[in-house]
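Scroll down for the structure; my scribbles are underneath it.
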Amino acid sequence: MISNFLNDDEIIMKKPLNIVQVAPDYYPLPPTNYGGMERIIYNLTEHLVLKGHNVYLYAPKGSKTSATLIPYEHSGPDQQKLSEFVMKTLPENVDIIHDHTHSSVIGQIAYAIPTVCTIHCIRKNDVKSPIYLSKRALDITGEDHGYYVYNGIDPEEYEYCEKKEDYLLYMGVLNWYKGILQAIDVAERTRQKLIIAGPIHDFEYFRNTLEPRINNSNIQYVGEVGGLRKQELLKKARCLLFPTICEEPFGLVMIEALACGTPVLALANGGVEEVLAGFPEMICHSTQEMCKKVLNPNFLSPKLLRDYVSQHFTTEIMTDNYLMLYKKVLKEDVNLNHGNKLKNQGCFKEAISYYKNLLISAVLSVNSKLKICHELADIYSNLGDTDDELAITFKTFEYDTPHAEFCCRLGYHFLNNNELQDAIFWYKLATQLEKPQHRYEILSEACWTWLPNIQLCICYYKLGDPLKAFKYNEAARNFLPNDKKILFNKTFLEKILNK
């Protein structure tokens, strides 16, 4: 007997999960120096393994992990080769894929396997389940679509030090948007020693803009650092400067400094106000304010800074939050996949009951509810149940504004009944709707492009209006310029119009 509904335990308590982590093809994991994103991926992978999950890690050759490593065969970066390699070598029985690549190249592929994509940089990728690094990044960059999970570290990996030395520290890429010039300005105005540590990605910018500024006895550039040297700089700094001038989604170095007991002064951009929510006195709204706070510090004790990280930004907390998201995404996907399986097996009555229970019982996204209605409408159509097909189609308007797929379904119903004016209304509406920005929101590409136009051509031809029929046939031809049927219509209607 087929169960009508999968209970939560069957869906979200499956242990262990088979998880694929896809790292970018830049640096081996864990990174030796620069590579905050790689460090996060490495730590997340290790903690998932510790929690008993089966984890597969795609990463560059030379990576080290407790998971099953699947090293890239190419020398990166090459997004195309990366995605092709993952598609070719993906293990069997994977529950969920976690894509960490900059462009979410795996998430862009319509895998049947549920996929989440962490957006580690300042960009918006067109994927179903994006995960940003702060609420700010979700709201501004992601336009409130997706989720957010804060980065985390293991405080025990960072040396704690209460006795500070008399220097300010800038640690990060030497680029304008990271605020390197602002850090130099603060040091010069306050006449404080500044140590700069980080990689150079733009050598022309460094030579022309930065090098003349750091040719100063009070400013020292020590290059890219890692390991013990990084620890020494972080734990002994009087203060870390984080004067980012971009929508920095998180700022990992801030919590690294706090874990060492080192205070931070940061400009209130990107995720800064969330990361430093417990220390509003560390947040600055201008470099002038930052200068004042450098000269007149009002910081809490180093122990409180470290405790703050332990309470809010650990790898353990981050991993648990990701697992909660995995389960949320899996629950929704497994539910829908089970219904689709029933439908494809021809178990229509069971599928109808299952989908209806989903709509009532499950907390689903609008897009998932529309997918369920779409599947139900197909089943009712196959069964010849016109009344229920129309009812479930109209029900979609309770969940969202009209979508072209459902307008075209209504248009088709009225066209078949020769109720041409009603058919025209729905097909015209389909042509006037704004196409969704995200591909996963589109159930049928044809309904958003050529289909309603060709159906309007048929409607107007039946009404004896070849001019309007020709107009809409041409609109369809804009989408399918070489389609034989559309070209036949064009020739046929031109002959009528030229008589």
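The values are calculated or read from the model by the stated rules, or taken from the named source; none is laboratory data. This structure is a prediction, so every number in the text was calculated from the model and none was measured. Ideal geometry is used to build each Cβ from the backbone, glycine not excepted, and the neighbour counts take in all protein chains shown.
Some notes on this structure:
- Cβ-Cβ contacts under 7 Å between residues 6 or more apart (or on different chains), taken from a first residue in segment 385-409 that is assigned by TED's automatic domain parsing to the domain that holds GLU445 to a second residue that is among the basic types (Lys, Arg), are listed as THR393/ARG409; TYR399/LYS369.
- Filter pass, ILE41 being outside the structural domain of ASN357 (by TED's automatic domain parsing), at pLDDT 95 or above and either of a type in the set (S, T, N, Q) or crowded, with 17+ Cβ neighbours inside 10 Å (or both): yes
- In segment 480-491, the residues that are over 19 Å from LEU467 (Cα atoms) form no Cβ pair under 8 Å with any partner that is exposed (fewer than 15 other Cβ atoms within 10 Å of the Cβ), whether six or more places apart or across chains.
- Exactly one residue out of THR491, THR449, THR396, THR431 is hydroxyl-bearing (Ser, Thr, Tyr) and exposed (fewer than 13 other Cβ atoms within 10 Å of the Cβ): that is THR491.
- Residue within segment 459-471 that is assigned by TED's automatic domain parsing to the domain that holds ASN418, part of a helix (DSSP H, G or I), closer than 18 Å to GLU405 by Cβ and at pLDDT 95 or above present: no
- Within segment 172-216, the set of residues being at negative phi and of a type in the set (D, E, K, R) comprises LYS178, ASP185, GLU188, ARG189, LYS193, ASP202, GLU204, ARG207, GLU211, ARG213.
- Qualifying residue in segment 207-221 (condition: of a type outside the set (A, V, I, L, M), in contact with a Lys or Arg (Cβ under 8 Å, 6 or more places away or on another chain) and over 18 Å from LEU267 (Cβ atoms)): yes
- Among residues that are without any contact (Cβ under 8 Å) to a residue 12 or more places away in the chain and either in the same structural domain as ASP25 (by TED's automatic domain parsing) or not charged (D, E, K, R) (or both), LEU133 is not included.
One line per residue, one yes/no per condition, for (1) touching a helix residue (DSSP H, G or I) at 6+ places or on another chain (Cβ under 6 Å); (2) without any contact (Cβ under 8 Å) to a residue 60 or more places away in the chain; (3) not basic (Lys, Arg):
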{"site": "PRO24", "(1), (2), (3)": "no, no, yes"}
{"site": "ASN33", "(1), (2), (3)": "no, no, yes"}
{"site": "ILE40", "(1), (2), (3)": "no, no, yes"}
{"site": "THR45", "(1), (2), (3)": "no, yes, yes"}
{"site": "LYS81", "(1), (2), (3)": "no, yes, no"}
{"site": "GLU92", "(1), (2), (3)": "no, yes, yes"}
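- The residue list HIS374, HIS403 contains one member that is at pLDDT 95 or above, touching a helix residue (DSSP H, G or I) at 6+ places or on another chain (Cβ under 9 Å) and crowded, with 18+ Cβ neighbours inside 10 Å, which is HIS403.
- Residue pairs whose Cβ atoms lie under 6 Å apart, sitting 6 or more positions apart in sequence or on different chains, and linking a residue in segment 302-319 that is free of Cβ contacts under 8 Å to residues at least 60 places away in the same chain and closer than 23 Å to GLU281 by Cβ to a partner that is of a type outside the set (Lys, Arg) and not in a helix (DSSP H, G or I), are LEU305/GLY261; TYR308/GLY278.
- Flag if GLU389 is under 27 Å from the mean Cα position of the chain (by Cα) and at pLDDT 90 or above: no
- Candidate set from segment 178-228 (those that are among the basic types (Lys, Arg) and either free of Cβ contacts under 8 Å to residues at least 24 places away in the same chain or assigned to a loop (DSSP other than H, G, I, E, B) (or both)); member that is surrounded by the most Cβ atoms within 10 Å (Cβ to Cβ): LYS193
- Candidates LEU57, LEU48, LEU29: the one that is over 19 Å from VAL116 (Cα atoms) and touching a strand residue (DSSP E or B) at 6+ places or on another chain (Cβ under 8 Å) is LEU29.
- Selection from segment 256-308 of residues that are hydroxyl-bearing (Ser, Thr, Tyr), in a helix (DSSP H, G or I) and under 23 Å from TYR158 (Cα atoms): TYR308
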